[in-house]
1. Consider GLY17 carefully, then state whether it is exposed (fewer than 15 other Cβ atoms within 10 Å of the Cβ) and either under 13 Å from the mean Cα position of the chain (by Cα) or among the small types (Gly, Ala, Ser) (or both).
2. Return yes when TYR187 is open to solvent by 100 Å² or more (accessible area, probe 1.4 Å) and either under 26 Å from the mean Cα position of the chain (by Cα) or among the β-branched types (Val, Ile, Thr) (or both) and no when it is not.
3. Filter the range 68-92 down to residues that are open to solvent by less than 70 Å² (accessible area, probe 1.4 Å), in contact with a strand residue (DSSP E or B) (Cβ under 9 Å, 6 or more places away or on another chain) and outside any strand (DSSP E or B), then give me how many there are.
4. Among the residues of the range 145-173, write down those that are of a type in the set (Asp, Glu) and under 28 Å from the mean Cα position of the chain (by Cα).
5. Check the range 160-178 and report whether any residue there is of a type outside the set (D, E, K, R), in a helix (DSSP H, G or I) and in contact (Cβ under 8 Å) with a residue 24 or more places away in the chain.
6. Restricting the search to the range 21-67, which residues are assigned to a helix (DSSP H, G or I), of a type in the set (Asp, Glu) and open to solvent by 40 Å² or more (accessible area, probe 1.4 Å)?
7. Just to verify a result, which residue in the range 93-119, among those that are small (Gly, Ala, Ser) and outside any helix (DSSP H, G or I), is surrounded by the most Cβ atoms within 10 Å (Cβ to Cβ)?
8. Going through ARG69, ARG18 one at a time, which residue ends up being under 21 Å from ASN102 (Cβ atoms) and touching a Phe, Trp or Tyr at 6+ places or on another chain (Cβ under 7 Å)?
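The values are calculated or read from the model by the stated rules, or taken from the named source; none is laboratory data. Remember, it's a predicted structure, so these values are computed and weren't measured experimentally. Backbone-built Cβ (ideal geometry, glycine too); neighbour counts: all protein chains shown. Calculation scope for accessible area: heavy atoms of the full protein, side chains included, ligands and nucleic acids excluded. Shrake-Rupley method; radii C 1.70, N 1.55, O 1.52, S 1.80 Å.
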Amino acid sequence: MKRKSLELMIRWKDSPGRKPLVLEGARQVGKTWLMREFGRLCFDDVAEFNFDRSDELKEVFKTNREVHRIIEKLSFIRGKAIAPQKTLIVFDEIQECPDALNSLKYFKENFPEYAVVSAGSLLGVYLAKGHSHPVGQVNIIKIYPLSFEEFLEATESGLYGFYEQIKKDDIIDGIFHNRLIESYQKYLIIG
């Protein structure tokens, strides 16, 4: 499946002034899938850490402010070294650990060679309540539910090819119109 957000993430990876990336979006819009797919496509390795599942993980960030120490401990936890430029570091449900969210600025300031992407389904709610976060020290991409175009491309690539060619004032033949309506109805049900 292709998501338009994935293209934005690839551009982020290659940008010269890259900062840690934060994905914001509602629950169940595909943030975790996007981070994993991005890592699979663009990096040799993915080091994924979920703050919703591990209290020990939160301790790493409470007791350490230096990125090199954080990297050492995260490498120990996963049982494999985290390599700059080669490993994507994924922090999922980061709102569960304010110290980890705050550490993103240290990654940007002191170790920009590490690619860090984070997300959390309640991150927007968390930040809206006035909790501190590294303003200006991160790049943010808003993730939305799967669009109809993305759905159509994933489920009916031939019809998607036709759909891409339609211009605003084109008259659509009945057979294509009906197939598009059927696909749209499936999209509304499935999402």
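1. Yes: the conditions hold for GLY17.
2. So TYR187 fails the test.
3. 7
4. Restricting attention to the range 145-173, the residues satisfying the condition of being of a type in the set (Asp, Glu) are 149-150, 153, 156, 164, 169-170, 173.
The answer is GLU149, GLU150, GLU153, GLU156, GLU164.
5. No, that holds for no residue.
6. First pass over the range 21-67, keeping only residues assigned to a helix (DSSP H, G or I): 31-42, 55-63, 67.
When the remaining residues are screened for being of a type in the set (Asp, Glu), the result is 37, 55-56, 59.
Result: ASP55, GLU56, GLU59.
7. SER118
8. Just a single option satisfies the conditions, and that option is ARG18.
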